[in-house]
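Below: one structure, written as structure tokens.
The values are calculated or read from the model by the stated rules, or taken from the named source; none is laboratory data. Just so we're clear, the structure is a prediction, and the values are computed from it rather than from any experiment. Don't worry about glycine lacking a Cβ; one is built from the backbone with ideal geometry, like all the others, and counts go over all protein chains shown. The accessibility values were calculated without ligands, DNA or RNA, using every heavy atom of the protein model including side chains. Shrake-Rupley method; radii C 1.70, N 1.55, O 1.52, S 1.80 Å.
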Amino acid sequence: MPAPLTGRVPASLQLDDHLAAARRLEELLPALHTVGDLLIGVFRRGGRLYTFGNGGSAADAQHLAGEFIGRYLRERRALPAVSLVTDPSVVSCIGNDYAYEEVFARQVEALATADDMVVGFTTSGRSANVIRGLEEARKRGAVTVLFAGGEQGGRPAAAHADHVLIAPATATARIQEMHLTLLHLLSEHVDAWAAGVAPAPLPDARQENHV
């Protein structure tokens with residue numbers, strides 16, 4: 001873990017970092033489109049989405065589940081999504097009786113099936129409980145997706161995910177900001193399908209971008 005900063009980081013530099021990372025998100029759109037189509041398939045066959053993470057990533061996991069149970073932009077049917085971070089009795093029971101590394105894996109073992117998708121969030125790719133949750137989900141045949149970032153390509157968690165979305169940033173705050181944008185883009189993709197709206201086409205990578 002890097003040492004905490006002792007000085008102030010100018011807001012202008014933080015905004016520059018944010019914008020630089022956001023401009024590179026377009027590189028992830030094909031992978032995000034694939035995950036969106038797979039999640040649509042999960043909902044079509046009556047499966048569920050399960051999400052988890054720690055700290056700010058736990059908030060992202062809850063946010064993604066909330067977009068599907070509630071709504072993103074359109075009126076449409078509720079979509080089954082569960083965040084595994086929200087039940088303190090279950091989380092503290094597993095952490096106390098087994099180990100904190102098992103708080104997500106144990107719930108995945110109890111709930112997930114091969115019809116489902118399991119999404120883990122970890123900015124570093126090193127969160128042991130996220131790794132175990134994805135490992136258990138893959139064992140049960142669920143589609144596994146990782147949202148990560150940093151300099152290690154989401155490793156070691158990436159080894160346990162079928163699909164990996166690596167935020168193009170190294171600072172934890174920037175990674176979380178990119179995860180928020182990605183989960184909103186994923187929500188739009190699925191929301192449009194559920195409301196019967198054709199999704200927007202992917203940009204042609206061969207064409208130049210004009211700002």
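Quick one: count up the residues across segment 127-170 that are touching a residue at least 12 places away in the same chain (Cβ under 8 Å), within 22 Å of GLU109 (Cβ to Cβ) and not polar (S, T, N, Q). Going through segment 127-170 one residue at a time, the tally reaches 24. Set side by side, the residues LEU19, LEU13, LEU28 differ, and just one is under 16 Å from GLN176 (Cβ atoms) and open to solvent by 80 Å² or more (accessible area, probe 1.4 Å), which is LEU19. Only residues that are under 18 Å from GLU27 (Cα atoms), open to solvent by 10 Å² or more (accessible area, probe 1.4 Å) and of a type in the set (Val, Ile, Thr) were counted in segment 150-191, giving 4.
In segment 65-83, the residues that are crowded, with 20+ Cβ neighbours inside 10 Å reach residues that are part of a loop (DSSP other than H, G, I, E, B) and of a type in the set (Ser, Thr, Tyr) with C-beta atoms within less than 9 angstrom, at least six apart or across chains, in these pairs: ALA65/THR86. With respect to the conditions (1) open to solvent by 50 Å² or more (accessible area, probe 1.4 Å); (2) touching a strand residue (DSSP E or B) at 6+ places or on another chain (Cβ under 9 Å); (3) hydrophobic (A, V, I, L, M, F, W, C); (4) under 21 Å from THR181 (Cα atoms), LEU111 falls short on a single one, namely (4). Of all positions in segment 127-134, none carries a residue that is in contact with a Gly (Cβ under 9 Å, 6 or more places away or on another chain), modelled with pLDDT under 95 and either part of a loop (DSSP other than H, G, I, E, B) or not hydrophobic (A, V, I, L, M, F, W, C) (or both).
Checked against (1) closer than 27 Å to THR181 by Cβ; (2) surrounded by fewer than 16 Cβ atoms within 10 Å (Cβ to Cβ), MET117 meets all criteria but (2). Only a single item in (1) within 16 Å of GLY120 (Cα to Cα); (2) at pLDDT 95 or above; (3) part of a loop (DSSP other than H, G, I, E, B) is not met by ARG138, and it is number (3).
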